[in-house]
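First up is the structure itself, then whatever we jot down about it.
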Amino acid sequence: MASMKILNIFISFLLLLLFPAAMAELHRLEHPVNTDGSISFLVVGDWGRRGTFNQSQVAQQMGIIGEKLSIDFVVSTGDNFYDDGLTGVDDPAFEESFTNVYTAPSLQKNWYNVLGNHDYRGDALAQLSPILKQKDNRWICMRSYIVNTDVAEFFFVDTTPFQDMYFTTPKDHTYDWRNVMPREDYLSLVLKDLDSALRESSAKWKIVVGHHTIKSAGHHGSSEELGVHLLPILQTNNVDFYLNGHDHCLEHISSSDSPLQFLTSGGGSKSWRGDMKWWNPNEMKFYYDGQGFMAMQITQTQVWIQFFDIFGNILHKWSASKNLDSIM
């Protein structure tokens with residue numbers, strides 16, 4: 001009887017991972033806050049290169065800063081495995097680019113991941129498989145989902161299927177669109193579920209995480225598709241931060257028409273593109289064309305953000321506060 005119950009739970013979990021379009025709402029995870037009601041975490045993206053292109057150096061500094069800040073978890077903004085994702089759940093790249101690289105004691109916490117475009121070039125379902133969590137219990141990856149920490153709520157969004165170019169001009173690349181097609185239905189459901197979840201959220205701070213940029217002066221630049229479909233939902237629902245990777249840089253852009261801040265942390269390994277685009281200096285708070293990562297500390301009334309390079313130098317700091325009355 002007990003074994004049958006366990007089997008049913010496992011089957012339900014598989015259905016959630018493999019057939020997200022059939023679900024009525026985003027899957028929700030709970031992450032406890034500290035005793036003082038705060039959370040602290042790191043953000044890194046575009047990293048999985050078996051330790052090369054300074055990935056190991058970034059990981060080393062993440063471990064040092066993670067210990068200093070007593071982080072609770074890590075957010076990964078996608079492109080977890082280069083160049084073409086994983087070949088399957090037994091691909092040694094999982095250990096070579098993740099488990100064997102992020103070895104510091106402070107990084108042995110939950111890693112909340114999203115898929116990037118390079119991840120879709122391989123077996124996308126492999127990264128969603130519970131088998132990877134059996135290999136390394138830090139690994140948490142779904143297409144779109146929610147992580148609630150009481151003080152802040154994180155909404156992870158699968159942005160790759162929004163990008164037209166991967167469907168119309170894929171070049172020599174093959175993308176794993178299983179369970180994404182028909183595309184229009186999938187995107188419609190993602191947007192509807194996200195909008196509904198954001199409207200129902202009573203979190204002090206709302207943070208949306210995706211791989212692709214909404215606003216960026218980097219190599220790839222701003223995503224027109226996300227600007228049309230995703231940005232209005234974030235603005236309408238008073239989202240505080242959008243975290244992304246895709247551009248291999250560190251970047252902070254503010255909004256001229258809302259409190260929304262755009263934070264790029266895509267410097268987990270290969271960087272130095274050298275082709276920054278012009279951006280309104282009133283909005284561009286910080287841009288760094290090299291490797292590094294970001295740290296965030298959040299309480300009910302304040303947020304602190306820091307960007308670090310591979311030597312542990314603080315490149316940029318920013319903070320914001322809210323009156324307690326405004327978030328009750």
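Quick check on the stretch 207-308: take the gyration tensor over C-alpha atoms, sort the square-rooted eigenvalues as a ≥ b ≥ c, and tell me if it's rounded (a/c under 1.5), prolate or oblate.
Values: a/c = 1.65, a/b = 1.20, b/c = 1.38.
Note, shape of the stretch 207-308 comes out oblate.
Charge dipole of the stretch 45-178 (Cα centre as origin; +1 on each Lys and Arg Cβ, -1 on each Asp and Glu Cβ, all else neutral): 220 debye, rounded to the nearest 20. Of all DSSP-defined beta bridges confined to the chain, some 55% are antiparallel rather than parallel. Projecting the Cα atoms of TYR112, GLN302, THR77 onto the charge dipole of the chain (Cβ charges, centred on the Cα centre) puts GLN302 farthest toward the positive pole.
For the stretch 189-322, the share of DSSP beta bridges that are antiparallel, to the nearest 5, is 75%. The local environment of MET165, defined by Cβ-Cβ distances under 14 Å, has a net charge of -1 under the rule Lys, Arg +1 and Asp, Glu -1. Calculated FRET efficiency, ILE64 to LEU125, Cβ-Cβ distance, R0 = 56 Å: about 0.95 to the nearest 0.05.
If you take the Cα Rg of the stretch 261-321 and divide it by 2.2 N^0.38 Å, with N the number of residues, what do you get?
Details: Rg = 12.7 Å, N = 61, 2.2 N^0.38 = 10.5 Å.
Rounded to two decimals, the normalised Rg is 1.21.
Over what distance in Å are the Cα centres of the stretch 255-328 and the stretch 22-54 separated? Here the two parts' Cα centres lie 16 Å apart.
Can you tell me the dipole magnitude for the chain around its Cα centre, using point charges on the Cβ only (Lys, Arg +1; Asp, Glu -1), in Debye to the nearest 20?
Details: 25 positive and 38 negative charges, 95 e Å.
Using Cβ point charges on Lys, Arg, Asp and Glu, the chain gives about 460 debye.
A rounded overall shape is assigned to the chain, the ratio a/c of its alpha-carbon gyration tensor axes (a ≥ b ≥ c) being less than 1.5. Less than 5 angstrom separates the built amide H of GLN261 from those of PHE241, TYR242, all sequence-distant by 5 or more or on a different chain.
For LYS171, a cut-off of 23 angstrom between C-alpha atoms picks up these lysines, skipping any fewer than 8 places away in its own chain: LYS270. Judged by the gyration tensor of its Cα atoms, with axes a ≥ b ≥ c, the stretch 54-198 is oblate; a/c meets the 1.5 cut and b/c is at least as large as a/b.
Quick note: the coordinates plus some simple rules give every number you see, no bench work behind them. Remember, it's a predicted structure, so these values are computed and weren't measured experimentally. Ideal geometry is used to build each Cβ from the backbone, glycine not excepted, and the neighbour counts take in all protein chains shown.
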